[in-house]
Amino acid sequence: MCRHACAPGRRALVLSWLCSGLLAAEAKSQEGPAAGLPLEEQVQVCGACHGENGNAVEAGVPSLAGQPALAFTNQLIYFRERLRRSEIMTPQAQGLSDEEIQALAKHYATRPLSPPDGKPDEALVERGRELAHEHRCASCHRSDFSGQEQMPRLAHQREDYLAQAMRDYRERTRGGPDTTMVEILRNVDDEEIDALAHFLAHFERG
Amino acid sequence: MSPIPLQRFVLSVASAGLLGAVSLAALGDEQEPAWAQGRAAELGNSPLSPHAAPLTVTPEEDIPLDHLRMPDGFSAEIWAHGMPGARMMTLGDEGTLFVGTRSIGRVYAVRDNGNEREHVIVAEGLTQPNGVAFKDGSLYVAAINRVFRYDDIESHLANGGDIPEPEELTDAFGLPDDEHHGWKFLAFGPDDRLYIPVGAPCNGCEVDEDTHATIHSFEPDGSDMRIEARGVRNSVGFDFHPDTGELWFTDNNQDWIGEHGPGDELNRLGESGEHFGFPVCHSVGIVDPDLGDTDACEDKTLPAAVTDPHSAPLGMRFYTGDMFPEEYRNAIFIARRGSWNRTLSVGYDVLVAKLSEDGMRADLSPFMVGLLDPRENAFSGRPVDVLPMPDGALLVSDEQNGAIYRISYDTPDYVE
């Protein structure tokens, strides 16, 4: 549960040995481990952290399943171009061609994303629903929060990742050329972010 | 000034005092993205928002060359491609074309070996390095927050070696680094000074007239700043009249005032320091509904020509070549990137502006069309800049497809 796992400013990075081993091996090379591999093998590389079929089980790691292809593509290009710097993902993206990124994007866009296990906190869901309405999240991310174009899917994304991403936008630490979310989250406090993340992770049509 | 905007302004100043570096403008509409500032409450669910430029290579076979239509005698070819986000262009002394971008953060260099063009990336990881200009062997690059000079860049490119680290001139120029309308355009004037616009950090707001909504000029080292023009909301293109040396520039007018207004502008600077109206007076003399008094337009310089609202006229250059027919001599080509803030799309083309005899006004007329499909209200390309080449052909950059077209002219068969 996010309210325990990702306190403001602390990154939830408790990765499995498989995922962290991959990252350590990678740090020595110029190119990311997936560059130049066939798609099936690239999916294995991504899956070490992002889960089978893009349903992430690692704390703080986003699910890729069901993401609009352009949202996935743009973020990987931001990493590759060092426009969005992440100790983990910037090295991973090096050497991936536009075509490789677009093929991965297409692959993950069509994978189904499963809702989280566990029962939602109904009061928190309702608070999040109100906030999502107030901040007009649906006007870009669609009314079912499945995302579109460069706007990512939010529905059923990992709650800890959503909360951290929103904090990173607010604190201007996420990076990347698009400042839209920085503006939107400028005055949203932690309690509101946690409610939004809970609502979106457990999203069901009301 | 009416009471409501005054109150808003006082509140903004007070808040800015508390929050330090946050710009005045950004505080007006909390929790809205920059592009939504000024959107009426009843349009909160409007589908209109800026079209994001692709960051990936458009395969050559998908570049919409066969959509392009021009007057008889003109034809277009793909001159260079594979450069996502290609925008502003400048030509080096040895014939290298340098191309700036916005969101992908790169500057490209295109070299022509006669049969084909090859490009390399000369800078990357920058924040919207839109502005490029060339002078005395050096390439100048302006990103939102930094200014660089790459000395002897063409000889480094010709030698095939690494490009040395540039001189950073950021502190010398001392430009604001607001993201909103903060991408820069660069051009050297006939006075050998470097001209740089600083856009308004907002859709519409009060600005400090000495720092924002201006066109500045500098010595090439960043010294001796002068304010050439005020009240310029967001100019992303200008050039200097080949005979008079006057600065002519495009300007993008305010969003969310209406589908059909105010019109975007082509302006002529008669005297240094003139005020072109923003934020109180727009286009042909439209008083801003919130910020303008009834006489707001009285002491402002109105445009030499206006074009469709929200159509985004950006790069523009005078034509002095001799390949095109006589009627294009000293005319201005203007690239229009195309609209987002209206439901019926306009632009996505290149216009030609023909100046009046007295050189004060201009007529605008379509020159290169076809990238906008009016029946589907959809576009296939976005012209951002134009650049006449030494042989008289015209290059047009297409940001949407990362391509540069070359437009040339042959007299049609039916002309005697």
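A compact table of results
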item	result
Per-region count, segment B:356-391, residues outside any strand (DSSP E or B) and open to solvent by less than 40 Å² (accessible area, probe 1.4 Å)	7
Members of segment A:59-77 found to be open to solvent by 20 Å² or more (accessible area, probe 1.4 Å), within 11 Å of chain B (Cβ to nearest Cβ) and over 10 Å from the mean Cα position of the chain (by Cα), listed by number	A:Ala69, A:Leu70
Residue count for segment B:252-277, restricted to those that are among the charged types (D, E, K, R), over 23 Å from B:Thr320 (Cα atoms) and either open to solvent by less than 10 Å² (accessible area, probe 1.4 Å) or in contact (Cβ under 8 Å) with a residue 60 or more places away in the chain (or both)	3
Strands (runs of 3 or more DSSP E) fully within segment B:174-232 counting 2 or more residues that are open to solvent by 30 Å² or more (accessible area, probe 1.4 Å)	B:226-230
Looking only at segment B:1-60, and only at residues there that are charged (D, E, K, R) and not in a loop (DSSP other than H, G, I, E, B), the one that is modelled with the highest pLDDT	B:Glu60
Residue in segment A:82-103 that is within 13 Å of another protein chain (Cβ to nearest Cβ), of a type in the set (Gly, Ala, Ser), within 30 Å of B:Ser46 (Cα to Cα) and outside any loop (DSSP other than H, G, I, E, B) present	no
Given (1) of a type outside the set (Lys, Arg); (2) more than 23 Å from B:Leu43 (Cα to Cα); (3) under 15 Å from the mean Cα position of the chain (by Cα), index of the condition A:Gln150 fails	(2)
Candidate set from segment B:31-46 (those that are in contact (Cβ under 8 Å) with a residue 12 or more places away in the chain and surrounded by fewer than 15 Cβ atoms within 10 Å (Cβ to Cβ)); member that is nearest to the other protein chains (Cβ to nearest Cβ)	B:Leu43
Total residues in segment B:278-324, condition in a loop (DSSP other than H, G, I, E, B), of a type outside the set (Ser, Thr, Tyr), open to solvent by 40 Å² or more (accessible area, probe 1.4 Å) and within 27 Å of B:Met368 (Cα to Cα)	5
Scan of segment A:131-150 for residues that are in a loop (DSSP other than H, G, I, E, B), facing chain B (nearest Cβ under 9 Å) and either free of Cβ contacts under 8 Å to residues at least 40 places away in the same chain or small (Gly, Ala, Ser) (or both), ordered by number	A:Arg136
All positions within segment A:126-147 that are surrounded by 19 or more Cβ atoms within 10 Å (Cβ to Cβ) and either assigned by TED's automatic domain parsing to the domain that holds A:Glu40 or among the aliphatic types (A, V, I, L, M) (or both)	A:Ala132
Residue tally, condition assigned to a helix (DSSP H, G or I), touching a residue at least 24 places away in the same chain (Cβ under 8 Å) and away from every other protein chain (no Cβ under 14 Å), over segment A:151-206	16
Residues within segment B:108-141 that are open to solvent by 10 Å² or more (accessible area, probe 1.4 Å) and part of a loop (DSSP other than H, G, I, E, B), tallied	11
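Condition check ((1) away from every other protein chain (no Cβ under 14 Å); (2) aromatic (Phe, Trp, Tyr); (3) closer than 15 Å to B:Val141 by Cα) across all residues:
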| residue | (1), (2), (3) |
| --- | --- |
| B:Thr90 | yes, no, yes |
| B:Phe98 | yes, yes, yes |
| B:Ile104 | no, no, yes |
| B:Arg117 | yes, no, no |
| B:Val120 | yes, no, no |
| B:Leu126 | no, no, yes |
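The values are calculated or read from the model by the stated rules, or taken from the named source; none is laboratory data. All values derive from a computational prediction rather than experimental measurement. Neighbour counts run over all protein chains shown; Cβ positions are idealised from the backbone, glycine included. Accessible surface is based on the protein model in full, side chains and every heavy atom, while ligands, DNA and RNA are left aside. Shrake-Rupley method; radii C 1.70, N 1.55, O 1.52, S 1.80 Å.
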